[in-house]
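See structure below.
The values are calculated or read from the model by the stated rules, or taken from the named source; none is laboratory data. Everything numeric here is computed off the predicted structure, so don't read it as measured data. Backbone-built Cβ (ideal geometry, glycine too); neighbour counts: all protein chains shown.
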Amino acid sequence: MTDRRAELAVNLAKVEERIAAACAAAGRKREEVTLIVVTKTYPASDVRILSELGVRHVAENRDQDAAPKAAACSDLPLMWHFVGQLQTNKVRSVVGYADVVQSVDRSRLVTALSKEAVRAGREVGCLIQVALDAAETADPAAPVPGGAAGGERGGVAPGRIEELADLVAAAPALRLDGLMTVAPLAGEYAGRQREAFGRLMDLSTDLRRAHPAANMVSAGMSADLEQAVAAGATHVRVGTAVLGVRPRLG
Ligand SMILES: *Cc1c(COP(=O)(O)O)cnc(C)c1O
């Protein structure tokens, strides 16, 4: 075993233990939670090791890094999730490898994803990314603070989920899978991950009234996966706790 393989195996086992403990504490079955390992900034060789260690879901947040990595790993039985801010000019590339895009947060992106998925002859799963720190607004033209129009983190205000979900559900070659969020750093939920993820679960319940199959709830990262599992998340996205502290912000 190489050093890196041993290191990843140990880290993965620790994360697996945390997820299992969180499921047990919440009275949930371990199978109800899927681990997605966020491999951003780490090389394809790590992805290959993770695959050998039994990981089946990986996530990336920048197409420039993800596209060559996915190509180098195309022989592996992996599901690729795209979790970053997505510009429409990258959509064609992303649709080439992503099974699920978790960061759908505006109608233009839905249109572009649908067009490219049709062109590629694939079906792409979509999660609506929710910004729990965004001001509630019914005005679709209003910029979301920290959202697609204003910053790094992305996401739509809760009041705009329905409109975007209906758009995805009606779009050719797209599949509405559910909701995703990142615990907010600002606003009423700052530092209150459990409450933030609880709010996401309520929004998921609302969404499933109109779209019963859209039952994915992607929440929780290295620092707060327990709170996400406690709230009811179906998918946790873990980077640092498996791969180590990233050399740069990514
Ligand atoms: C980087 C990233 C993660 C993983 O974060 P860690 O703190 O490294 O576990 C999860 N979700 C998104 C959207 C990310 O960009």
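Within region 226-241, can you find the residues that are closer than 22 Å to VAL47 by Cβ and more than 8 Å from the ligand (Cβ to nearest atom)? Hits for region 226-241 are HIS235, VAL236.
Against the condition touching a Cys at 6+ places or on another chain (Cβ under 9 Å) and either within 24 Å of ALA170 (Cβ to Cβ) or crowded, with 17+ Cβ neighbours inside 10 Å (or both), how does VAL229 come out, does it pass?
Yes; evaluated as a whole, the condition is true for this residue.
One residue stands out among those in region 19-58 that are out of contact with any Ser or Thr (no Cβ under 7 Å at 6 or more places or on another chain) and among the acidic types (Asp, Glu): the one that is surrounded by the fewest Cβ atoms within 10 Å (Cβ to Cβ), which is GLU31. All conditions but one from (1) away from the ligand (no atom under 16 Å from the Cβ); (2) surrounded by 16 or more Cβ atoms within 10 Å (Cβ to Cβ); (3) hydroxyl-bearing (Ser, Thr, Tyr) apply to THR205; the one that does not is (2). Taking each residue of region 39-58 that is under 20 Å from VAL101 (Cα atoms) and looking for partners that are at pLDDT below 95 with beta-carbon atoms closer than 6 Å, six or more apart or interchain, yields LYS40/GLY250; THR41/ARG246; THR41/GLY250. Inside region 58-87, residues that are in a loop (DSSP other than H, G, I, E, B) and more than 13 Å from the ligand (Cβ to nearest atom) make up a count of 7.
The single residue among ARG209, ARG175, ARG237, ARG194 that is modelled with pLDDT of 95 or more, out of contact with any Pro (no Cβ under 8 Å at 6 or more places or on another chain), closer than 20 Å to THR39 by Cα and among the charged types (D, E, K, R) turns out to be ARG237.
Being surrounded by 22 or more Cβ atoms within 10 Å (Cβ to Cβ) and either within 12 Å of ALA214 (Cα to Cα) or within 16 Å of the ligand (Cβ to nearest atom) (or both) is the filter here, so list the residues in region 156-173 that pass it. If the condition is that a residue be surrounded by 22 or more Cβ atoms within 10 Å (Cβ to Cβ) and either within 12 Å of ALA214 (Cα to Cα) or within 16 Å of the ligand (Cβ to nearest atom) (or both), then VAL156, ALA165, VAL168 are the ones that fit.
Restricting region 91-100 to residues that are in a helix (DSSP H, G or I) and touching a Leu at 6+ places or on another chain (Cβ under 9 Å), the residue that is surrounded by the fewest Cβ atoms within 10 Å (Cβ to Cβ) is VAL95. The condition (being within 16 Å of the ligand (Cβ to nearest atom), surrounded by 15 or more Cβ atoms within 10 Å (Cβ to Cβ), in contact (Cβ under 8 Å) with a residue 60 or more places away in the chain and within 20 Å of ASP166 (Cβ to Cβ)) is satisfied by just one residue among LEU200, LEU179: LEU200.
Could you look through region 208-225, keep only residues that are aliphatic (A, V, I, L, M) and within 16 Å of the ligand (Cβ to nearest atom), and pick out the one that is farthest from LEU174 (Cα to Cα)?
This residue is ALA223.
On the basis of being within 16 Å of the ligand (Cβ to nearest atom) and modelled with pLDDT under 95, does ALA98 make the cut? Give the derivation first.
Working: within 16 Å of the ligand (Cβ to nearest atom): yes; modelled with pLDDT under 95: no.
Here the answer is no, as ALA98 does not meet what is asked.
In region 101-126, what residues are within 15 Å of the ligand (Cβ to nearest atom), out of contact with any Leu (no Cβ under 6 Å at 6 or more places or on another chain) and not acidic (Asp, Glu)? Of everything in region 101-126, those that are within 15 Å of the ligand (Cβ to nearest atom), out of contact with any Leu (no Cβ under 6 Å at 6 or more places or on another chain) and not acidic (Asp, Glu) turn out to be VAL101, VAL104.
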